[in-house]
Amino acid sequence: RTLPHPTNVADPTSAAALFEAVKARFGRLDLLFNNAGTGAPPLPLEELSIEQWRRVVDINLTGAFLCTQGAFRLMKGQSPRGGRIINNGSISAHAPRPRSVAYTATKHAITGLTRSTSLDGRAYGIACGQIDIGNAATEMTRAMSKGVMQADGRTAAEPTMDVAAVADAVLYMAGLPLEANVQFMTVMATDMPFIGRG
């Protein structure tokens with residue numbers, strides 16, 4: 001059963017309407033996957049406009065916060081109480097790429113959101129974990145096969161992995177009983193330059 005509901009996660013009214021629709025259709029919420037995200041053009045830090053910065057922060061961080069808030073309201077009030085929230089972090093939650101200040105800052109902040117959500121949800125049976133994904137083959141990573149800027153300034157192609165591996169990892173996290181939680185998981189292309197990046 002699906003409920004397509006186009007939502008601007010960065011808009012409080014739109015995000016609230018999503019959770020109202022979920023409650024009206026299903027009566028409860030068992031899982032939220034905070035997956036909406038965007039990046040900014042790969043500009044030198046000093047050239048990034050405040051509008052470009054705010055767009056990334058609004059979607060990647062404020063959007064995840066608003067959806068977490070909506071999920072908390074449902075999960076705390078439903079019977080049986082509780083549920084699971086999975087946040088899409090990123091390899092960039094650990095190590096940045098060049099010219100990615102807005103994206104990297106928000107993904108580091110997602111780690112803080114994950115930790116706070118875990119702590120604040122504990123008393124209500126709400127588990128929260130984070131999946132950090134690296135180089136899954138999607139539209140967003142298509143350029144990696146042609147070459148992307150590395151920490152030393154050169155351009156190099158990077159390997160990618162089948163996005164199905166990410167889906168399998170999310171399904172594993174989602175399928176755990178609420179008394180168990182994957183707090184943090186990293187799933188990445190084996191040969192991508194993450195360990196040793198920089």
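The single condition among (1) over 27 Å from G27 (Cα atoms); (2) of a type in the set (K, R); (3) free of Cβ contacts under 8 Å to residues at least 12 places away in the same chain that R99 does not satisfy is (3). Taking region 83-198 as the region of interest, the strands (runs of 3 or more DSSP E) fully inside it that hold 3 or more residues being out of contact with any Cys (no Cβ under 9 Å at 6 or more places or on another chain), surrounded by 13 or more Cβ atoms within 10 Å (Cβ to Cβ) and of a type in the set (V, I, T) are 126-134. Looking only at region 1-35, residues that are surrounded by 13 or more Cβ atoms within 10 Å (Cβ to Cβ), of a type in the set (A, V, I, L, M) and not in a loop (DSSP other than H, G, I, E, B) come to 8 in all.
Results for (1) in contact (Cβ under 8 Å) with a residue 24 or more places away in the chain; (2) of a type in the set (A, V, I, L, M, F, W, C); (3) more than 30 Å from G77 (Cα to Cα); (4) in contact with a Gly (Cβ under 8 Å, 6 or more places away or on another chain), shown as yes or no for each residue.
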{"residue": "S116", "(1), (2), (3), (4)": "no, no, no, no"}
{"residue": "G134", "(1), (2), (3), (4)": "yes, no, yes, no"}
{"residue": "E139", "(1), (2), (3), (4)": "no, no, yes, no"}
{"residue": "D152", "(1), (2), (3), (4)": "no, no, yes, no"}
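The single residue among S118, S100, S145 that is within 18 Å of the chain's Cα centre (by Cα), more than 16 Å from L61 (Cα to Cα) and among the polar types (S, T, N, Q) turns out to be S118.
Taken together, the residues in region 129-150 that are modelled with pLDDT under 90 and either small (G, A, S) or in contact with a strand residue (DSSP E or B) (Cβ under 7 Å, 6 or more places away or on another chain) (or both) amount to 2.
Checking each residue in region 45-67 for being more than 18 Å from A105 (Cβ to Cβ) and of a type in the set (S, T, Y) picks out no residue at all.
In this structure, Q150 does not satisfy being closer than 24 Å to I85 by Cβ and not small (G, A, S). Any residue at all in region 57-78 that is part of a helix (DSSP H, G or I), within 30 Å of T155 (Cα to Cα), of a type in the set (A, V, I, L, M) and modelled with pLDDT under 95? No, every residue in region 57-78 fails to be part of a helix (DSSP H, G or I), within 30 Å of T155 (Cα to Cα), of a type in the set (A, V, I, L, M) and modelled with pLDDT under 95.
Among the residues making up region 124-138, those that are in contact with a Lys or Arg (Cβ under 9 Å, 6 or more places away or on another chain) and among the hydrophobic types (A, V, I, L, M, F, W, C) are I126, A127, C128.
The values are calculated or read from the model by the stated rules, or taken from the named source; none is laboratory data. Predicted model only: the values in this text are computed from it and were never measured. When we count neighbours, we look across all protein chains shown, and the Cβ atoms used for this are built from the backbone with ideal geometry, even at glycine.
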